[in-house]
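Report on the structure given below.
The values are calculated or read from the model by the stated rules, or taken from the named source; none is laboratory data. Quantities reported herein were computed from a predicted structural model and do not represent experimental measurements. Here the Cβ positions follow ideal geometry from the backbone for every residue, glycine too, while neighbour counts run over all protein chains shown. Heavy atoms of the whole protein, side chains included, go into the accessibility calculation; ligands, DNA and RNA do not. Shrake-Rupley method; radii C 1.70, N 1.55, O 1.52, S 1.80 Å.
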Amino acid sequence: MADIPSLCVFDLETTGVNTDEDRIVTCFIGRVMRDGTVNGSYSWLLNPGIPIPEGASAIHGITDEVAQRDGVDPATAIAEMLTVLRRSIDGGRPIVAYNASFDLSMLNAEARRYGLAPIEDFGPVLDPYVIDKAVDRYRKGKRTLVATAEYYGVLLEGAHDAEADAVATGRVAWALLAKTEETDLYTLHDRQVGWAREQAESFQSYLRKSKGDDLIVIDGAWPIRAGADRAAAAPMLATPAI
């Protein structure tokens, strides 16, 4: 990890939390250097082709009127996102996203929707949401991006803006990399697979007990969620974004 000059940060704002049915509204991809500066960036505002619920608009600020007036064709935008991410993957740059299994699953679902080849292997992925919960398991308080950024001394202005969230996520990732004892990206990636599964199992157990419903299932697959219908995972997917 000592040889990595930059991280590829990736964030989406969407119409909702179901990666099979909801759509991408905005996206930001950029490079965050070790010193926290941003070097190179791409952003998109899409017309998702379906109504944006008021609840989603209240979070990210994009209304149907704005999306229909200024948003670009989603198929074109998704193709461009895939191209940019594949370029970073081919260059050996880690993909960084907060609660990555949501964003990456959403992107791949959108790719399939428009007849585009999804990314099957994102290479080593860094997910500060998963890593932070593993390395500081007993810290009290929320694990939202806002709370986690504050804890690591990262300024986050304009939360729920794709660019602001992505850049803050990259800066938090650098802070976590300095904290972890792991020195190999691929080993850290593999450890996150196990951590995410354990965290999902723990959350599933908590929900089943607190709600008295043994049928609740939380998808712990990472960095791409498994299963065709991810609606059952909505509580966990929503948590980091609040």
Ordering of 182-188, 9-15, 157-163 by burial proxy (mean other Cβ atoms within 10 Å per residue, highest first): 9-15, 157-163, 182-188
Computed magnitude of the charge dipole of the range 1-135 (debye, nearest 20; Cβ of K, R +1, Cβ of D, E -1): 360
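For Arg139 and Ile4, what does the FRET efficiency come to when R0 = 25 Å and r is the distance between their Cβ atoms, rounded to the nearest 0.05? Spell out each step's value before the answer.
Values: r = 26 Å, r/R0 = 1.04.
It comes out at approximately 0.45.
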Highest to lowest packing among 143-150, 189-196, scored as the average C-beta count within 10 Å: 143-150, 189-196
Among Ser101, Ser202, Ser43: highest mean-square fluctuation, GNM of the chain, C-alpha pairs under 10 Å: Ser202
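At a 1.4 Å probe radius, carbon and sulfur cover how many percent of the accessible area of the chain? Before the final figure, lay out the partial values.
Working: 5830 of 11490 Å².
Heavy-atom surface of the chain belonging to carbon and sulfur, 1.4 Å probe: 51 percent.
Please tell me the relative contact order of the chain in percent, rounded to the nearest whole number, where contacts are Cα pairs under 8 Å and at least six residues apart.
Taking the mean separation of contacting Cα pairs over the length of the chain, I get 22 percent.
About the Cα centre, and with charges only on the beta carbon of Lys, Arg (+1) and Asp, Glu (-1), how big is the dipole of the chain? Nearest 20 debye, please.
On the way: 24 positive and 36 negative charges, 119 e Å.
Dipole magnitude for the chain comes out near 580 debye.
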Spin-label proximity, Glu157 to the range 1-25 - amide N less than 17 Å from point 7 Å beyond Cα toward beta carbon: none
Difference of contour (0.36 nm per residue) and Cα-Cα distance, Glu65 to Thr183: 37.8 nm
Paramagnetic reach from Glu21 (point 7 Å along Cα→Cβ, amide N under 15 Å) across the range 97-124: none
FRET efficiency, 1/(1 + (r/R0)^6) with R0 30 Å, evaluated for Val146 and Glu54 via beta carbons: 0.90
Kirkwood hydrodynamic radius of the chain, Cα pairs, Å: 18.1
Average accessible area per residue (Å²) across the range 40-179 - probe 1.4 Å, nucleic acids and ligands excluded: 45
